[in-house]
Number of protein chains: 2
Amino acid sequence: MKMKRSHRLVDMTHYLLNNPYRTISLPFFVDRYQAAKSSISEDVGIIAEQFKLSNIGIVETIAGASGGVIFRPKVEKDKAMEYMNQLTAKLTDKQRILPGGYFYFSDVLGNPYDLRHIGNIIASAYYGQSIDVIMTMATKGISMAQAVANFLNVPFVIVQREAQLTEGSTVSVTYVTGNDEVKKMALTKNNLSADQNILIVDDFMNGGGTMNGMLSLVEEFDCHTIGAVVFGEADNQKNYIDYPYKSLIKVKKTADNLDVAGIELGSLFD
Amino acid sequence: MKMKRSHRLVDMTHYLLNNPYRTISLPFFVDRYQAAKSSISEDVGIIAEQFKLSNIGIVETIAGASGGVIFRPKVEKDKAMEYMNQLTAKLTDKQRILPGGYFYFSDVLGNPYDLRHIGNIIASAYYGQSIDVIMTMATKGISMAQAVANFLNVPFVIVQREAQLTEGSTVSVTYVTGNDEVKKMALTKNNLSADQNILIVDDFMNGGGTMNGMLSLVEEFDCHTIGAVVFGEADNQKNYIDYPYKSLIKVKKTADNLDVAGIELGSLFD
């Protein structure tokens, strides 16, 4: 479809936002818009400029025959902090504390607005790294994993506490829960292939048992853990994790472990 | 930030795409871009034109003092069919049939590309309807629910097979599975308030037990079911559902129920 610059910019902006981390050849746009390569280059320049100013991300032009343009979402730290301050204010609410000192935040992980911000912040923390797959644990990590996957444009896989009958062969590992119980987690065999780069994403870390389980599951599949990030972690509990994981928030509990004393920014912002 | 039309169009396109189903006042954009209201109106006109041409959705301008602009995603049927044909071709693969005639499609529901299309298609099927919350069942429905929620810009809630200890009070209902077992499903009480309009989204329907359970759960919360949609349904099994649900695909099984005979488009495309 032949169109004016203004219309091209609208369509191209939408196209790039929907295809992050993918090299798009300039001839593709030349053909799509029936425009000269030089005009397309100028369009890309305008979008790159504005994406940076608007904190949307970086649009890079790759020169040469196999060249093209690639958009990688990236939110700068100050913009991320704006959202995080708003989030921690919302989470600092006595009504969020449940019997046993548990902390209610499912509404956040079920809200597209929050998920877009959280996904963007985590994707930006691993900006430009080569990630093939996001791994998470059912059920509460799923929405976060999907949000991150959406910004990095890679698939996500879901580890289950029990192997589901309907899914074919699985690989399973045992892990120790916070209550010293030994449990099993499993992932469908054809969900991963050897040598893939994995980003582990989960909702909350108390003792670190689940995270340790996922770290060994990655090894079982002969894959590589590129990063591990949780939405929240309990601050004054010992997390026996031999991996430099990151968190978005730290939940400080009272000495008796029954109440939340406060919420702080997590290690992702260090 | 003061900027040229071309740059404004890029930023405004991104802004609208990130804020579907939300009325944005023109003064907001006037302030954001330090531009005259007439220029902003022209910008909106260009974007509305291109969003329609590019099958992104409808941008509506609301006149008057409390007026503004609202973007609702909508993919036209022929574009949706293009994707669906590509999807059913991918799904028509002998290797997807697992012991017992189960059908493997988790990779589709774990892929951001597919989820964007599926979410957009379902959101478009309920275009312009007043939906407050998406409801789904753990775990396989979650990614679809999130994808739809993202296009309708409403939260989604997750029904669990067992009440999770960490979530406070729950409301539960019993339902009958395909194997005539009686099971319980539960939802956290503060996930819904009375009188909300619910769109139910789930991955697959065999006998309809799960769907029936969710339909009664909606009633238990004094809410209203606006629609119910599944990714796939088993075609030659009787689904005892007293509700006009929709499906994206129908999976035809062989007479002995152990194999997949074919995949067809579901009732959403009737």
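The values are calculated or read from the model by the stated rules, or taken from the named source; none is laboratory data. Everything numeric here is computed off the predicted structure, so don't read it as measured data. Cβ: placed from backbone, ideal geometry, glycine included. Neighbour counts: every protein chain shown. Surface areas here come from the heavy atoms of the whole protein model, side chains and all, with no ligands, DNA or RNA. Shrake-Rupley method; radii C 1.70, N 1.55, O 1.52, S 1.80 Å.
Annotations
- In the protein assembly as shown, the DSSP-assigned H stretches of four residues or longer account for a calculated mean residue ellipticity at 222 nm of -10500 deg cm²/dmol, using -39500 (n - 2.57) per stretch and the full residue count as denominator.
- Sorted from closest to farthest, the other copies place their B:Glu220 label points 3.3 nm away, with each point set 7 Å from Cα along Cα→Cβ.
- Taking amide hydrogens as placed 1.01 Å from N in the peptide plane, the amide H of A:Ala228 sits under 5 Å from those of A:Ile200, A:Lys246, each at least 5 positions away in sequence or on another chain.
- Cross-link pairs A:Lys183/A:Lys253; A:Lys94/B:Lys184; A:Lys90/A:Lys253; B:Lys74/B:Lys246; B:Lys74/B:Lys252; B:Lys90/B:Lys250 - those with Cα-Cα distance over 22 Å: A:Lys183/A:Lys253; A:Lys94/B:Lys184; B:Lys74/B:Lys252
- Computed with a 1.4 angstrom probe on protein heavy atoms, the A-B interface buries about 4400 square angstrom of accessible area in total.
- Chain A - charge dipole about Cα centre, Lys and Arg +1 at Cβ, Asp and Glu -1, debye rounded to 20: 880
- Distance between the 7 Å Cα→Cβ label points at B:Ser193 and B:Gln129: 2.3 nm.
- Chain B, accessible surface, carbon-and-sulfur percent (1.4 angstrom probe): 48
- With the Kirkwood sum run over all distinct C-alpha pairs, the range A:1-157 has a hydrodynamic radius of 17.6 Å.
- P(r) tail fraction, the range A:20-72 - alpha-carbon pairs more than 18 Å apart, %: 28
- Interface residues in the range B:164-206 - accessible area drops by 40 Å² or more relative to the isolated chain, probe 1.4 Å: B:Thr166, B:Glu167
- Protein-protein interface of the range B:67-106, residues with accessible area decrease of at least 10 Å², isolated chain reference, 1.4 Å probe: B:Leu98, B:Tyr102, B:Tyr104, B:Ser106
- Per residue accessible area of the range B:77-269, 1.4 Å probe, in Å²: 42
- 1.4 Å probe accessible area per residue over the range B:5-73, in Å²: 41
- Pairwise alpha-carbon distances in the protein assembly as shown exceed 29 Å for 55% of all pairs.
- Relative contact order (%) - criterion: Cα under 8 Å, at least six apart; region: chain A: 13
- Residues losing 40 Å² or more accessible surface upon assembly, the range A:15-57, compared with the chain by itself, 1.4 Å: A:Leu17, A:Asn18, A:Ile46, A:Gln50, A:Ile56
- Taking the convex hull of the alpha carbon positions in the range B:148-270 and averaging its projected area over all directions gives 8.6 nm².
- Estimated inter-spin distance, A:Asp259 and A:Thr23, nm [label 7 Å along Cα→Cβ]: 5.8
- Accessible surface, 1.4 Å probe, highest first, among residues A:Phe28, A:Phe151: A:Phe28, A:Phe151
- Pairwise alpha-carbon distances in chain B exceed 22 Å for 61% of all pairs.
- Solvent-free Debye scattering, log10 I(q)/I(0), computed from the Cα coordinates of the range B:71-208 at q = 0.10, 0.12, 0.21, 0.22 Å⁻¹: -0.40, -0.58, -1.33, -1.38
- The distance from the alpha carbon centre of the range B:103-137 to that of the range B:211-258 is 15 Å, rounded to a whole number.
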